[in-house]
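*Asks:* My structure is below; once you've seen it, I'll send some questions.
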Amino acid sequence: MKRRNFLESSLAALIAESVFADDERSGDMIYRKLGRTGERVSAIGMGGYHIGVAKDDQEASRLVRSAIDRGMTFMDNCWDYMDGKCEVWMGKALRDGYRQKVFLMTKFDGRTKASTARQIDESLQRLQTDHVDLMQFHENIRLEDPDRFFNEGPLEALLEAKKAGKIRYIGFTGHKDPLVHLRMLEQAQAHNFHFDSAQMPLNILDAQFRSFAHNVVPKLVEQGIAVLGMKPMSAGALPQRGLATGIECLHYALSLPTSVVITGMSDSKMLDQAFEAARTFKPLTPAQLSALLAKTREAALSGKLETFKTTTRQDGTARNPQWMG
């Protein structure tokens, strides 16, 4: 009981401290500051993986362009999604002036200078652009990953790419354990380096199991690092199990001090849901938060519905060590 009350009160405090007064609204979308970069982006971003689920590149382009036309500006992707297909399809969608309307992010898997540099260039080629706005070190999921980032060449390659105008900002992602994110932040401090962003799962289940919201988000806010939330529905498990609606999931993640909540949208229905969540968003009250946590508590405590934390199913770099170099 004491632990439950502590979790609820600390989450409620985190939500209360979020500066929603800085939110800007236009149409059905909210726009937020991206850490201390000076950028302002849509509070809901389009997940890159689900673009590849469309039946063909033309359908994917229609979905991406519809999102942009309605006001979504943050686009997510990754060098390894569907062997590059997701970047290729997004690149096609961003032709005809659409590239200039978005803040484009992608990720890389390299753990050496050479593999990092190669993947950056391959991503640029697929995305049909001369630069990406944010490049993130993907799958920071092993305790040695932060050491490899700082000591084996990835950061060196990123800084050279930034100097060459290929990337503007640098971040990292991970879905496994908050301890690895904390290790990355410790190493960044030791190397006098400031990340622009950090991406992690932020959903109602995470609040009660191996929690990024409790352990990592406050430190990011303190350091002015943009909080990028992903897996707001726990890979679909929350709505599929009837534990929370898609709108509730997005409202929870938006209530945290997130710059962007990245969610997958493989069809127009999911796109509509994202915009409806932004249109109707109000920060969760303590009573609403308590009800959501109570409804999901039993499912959360085992970690079984956050398979990205408790299994290797989504550990692409573990199954494909050649990607890391």
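*Asks:* Sequence neighbours fewer than 8 away in the same chain don't count; with that in mind, list the lysines whose C-alpha is under 29 Å from residue 295.
*Replies:* 2, 176, 219, 231, 269, 282, 304, 309
*Asks:* Based solely on its DSSP helices, what 222 nm [θ] is calculated for the chain when runs of n ≥ 4 H residues each add -39,500 (n - 2.57) and the sum is averaged over all residues, nearest 500 deg cm²/dmol?
*Replies:* Details: 15 runs with 144 residues, N = 325.
Helices in the chain give a 222 nm mean residue ellipticity of -13000 deg cm²/dmol.
*Asks:* Near residue 20, within a Cβ-to-Cβ distance under 12 Å, what is the net charge of the other residues, with Lys and Arg +1 and Asp and Glu -1?
*Replies:* On the way: positive: 25, 32, 33, 282; negative: 17, 22, 23, 24.
Spelling it out: positives minus negatives among the neighbours equals 0.
*Asks:* Just going by the charge dipole of the chain, with Lys and Arg at +1 and Asp and Glu at -1 on Cβ, which of 31, 239, 255 is farthest out on the positive end?
*Replies:* 239
*Asks:* Let me ask another. Count the net charge of all other residues whose Cβ sits under 13 Å from the Cβ of residue 29, scoring Lys and Arg as +1 and Asp and Glu as -1.
*Replies:* With Lys, Arg at +1 and Asp, Glu at -1, the net is 0.
*Asks:* Once phi is turned into θ = phi - 60°, what whole-Hz ³J(HN,Hα) does the Karplus curve with 6.51, -1.76 and 1.60 give for every residue of the stretch 152-164, x standing for Gly and Pro?
*Replies:* Ordered by residue, 3J(HN,Hα) equals 10, x, x, 5, 4, 5, 5, 5, 5, 5, 5, 4, 7 Hz.
*Asks:* For Cα pairs less than 8 Å apart in space and 6+ apart in sequence, what is the mean separation divided by the residue count of the chain, i.e. the relative contact order in percent?
*Replies:* 21
*Asks:* Turning to a different aspect of this structure: How big is the accessible area of residue 166 in square angstrom, nearest 10, if you roll a 1.4 angstrom probe over the protein chains?
*Replies:* Approximately 60 Å² for this residue.
*Asks:* Straight-line reach from residue 101: which lysines have Cα under 16 Å away, leaving out those fewer than 8 places along the same chain?
*Replies:* 92
*Asks:* With every protein chain in place, what's the accessible area of residue 113 (1.4 Å probe, Å², nearest 10)?
*Replies:* Looks like 70 Å² after rounding.
*Asks:* If you take every residue apart from residue 142 with its C-beta less than 12 Å away from the C-beta of residue 142, what net charge results, scoring Lys and Arg +1 and Asp and Glu -1?
*Replies:* It works out to a net charge of -2.
*Asks:* Can you figure out the FRET efficiency of residue 241 with residue 101, using R₀ = 51 Å and their beta-carbon distance, to the nearest 0.05? Let's see the in-between values first.
*Replies:* Numbers: r = 36 Å, r/R0 = 0.72.
The value I calculate is 0.90.
*Asks:* How large is ³J(HN,Hα) for each residue in the stretch 281-287, as worked out from phi by the Karplus curve 6.51 cos²θ - 1.76 cosθ + 1.60 (θ = phi - 60°), to whole Hz, x for Gly and Pro?
*Replies:* Ordered by residue, 3J(HN,Hα) equals 5, 9, x, 4, 7, x, 5 Hz.
*Asks:* What percent antiparallel are the DSSP beta bridges of the chain, to the nearest 5? It would help to have the intermediate numbers written out before the result.
*Replies:* Numbers: 6 of 31 bridges.
So the antiparallel bridges in the chain amount to around 20 percent.
*Asks:* To the nearest Å, what is the center-to-center distance of the stretch 194-218 and the stretch 103-169, using C-alpha atoms only?
*Replies:* The stretch 194-218 and the stretch 103-169 have Cα centres spaced 22 Å from each other.
*Asks:* Something else: Between residue 160 and residue 66, how many nm apart are label points set 7 Å from Cα along the C-beta direction?
*Replies:* The two pseudo-label positions are separated by 4.3 nm.
*Asks:* Moving on. Can you compute 3J(HN,Hα) from phi for each residue in the stretch 81-91, using the Karplus curve 6.51 cos²θ - 1.76 cosθ + 1.60 with θ = phi - 60°, rounded to whole Hz and x for Gly and Pro?
*Replies:* 4, 6, 6, x, 4, 5, 5, 4, 5, 5, x
*Asks:* Follow-up question, since we're still on this one. For the chain, report the accessible area per residue in Å² (1.4 Å probe, heavy atoms, rounded to an integer). Each step should come with its number before you reach the end.
*Replies:* On the way: 13380 Å² over 325 residues.
Per-residue value: 41 Å².
*Asks:* Next question, about the same structure. What order, most packed first, do the peptides 14-21, 241-248 have when packing is the mean number of other Cβ atoms within 10 Å of each residue?
*Replies:* Peptide ranking by packing, descending: 241-248, 14-21.
*Asks:* Using a 1.4 Å probe on the protein heavy atoms, what percent of the accessible area of the chain belongs to carbon and sulfur?
*Replies:* Details: 6650 of 13380 Å².
C and S fraction of accessible area: 50 percent.
*Asks:* Work out the length of the dipole vector of the chain about its Cα centre, built from +1 on the beta-carbon of each Lys and Arg and -1 on the beta-carbon of each Asp and Glu, and round it to the nearest 20 debye.
*Replies:* 440
*Asks:* Once Lys and Arg get +1 and Asp and Glu get -1 on their Cβ, which of 128, 157, 116 lies farthest toward the positive end of the dipole of the stretch 110-174?
*Replies:* Ranked along the dipole, the leading option is 128.
The values are calculated or read from the model by the stated rules, or taken from the named source; none is laboratory data. Note that the structure is predicted; figures quoted are calculated from it, not measured. A quick note on method: Cβ atoms are made from the backbone with ideal geometry, for glycine too, and the neighbour counts reach across all protein chains shown. For the accessible areas, the whole protein counts, side chains as well, though only heavy atoms, and no ligand, DNA or RNA atoms are used. Shrake-Rupley method; radii C 1.70, N 1.55, O 1.52, S 1.80 Å.
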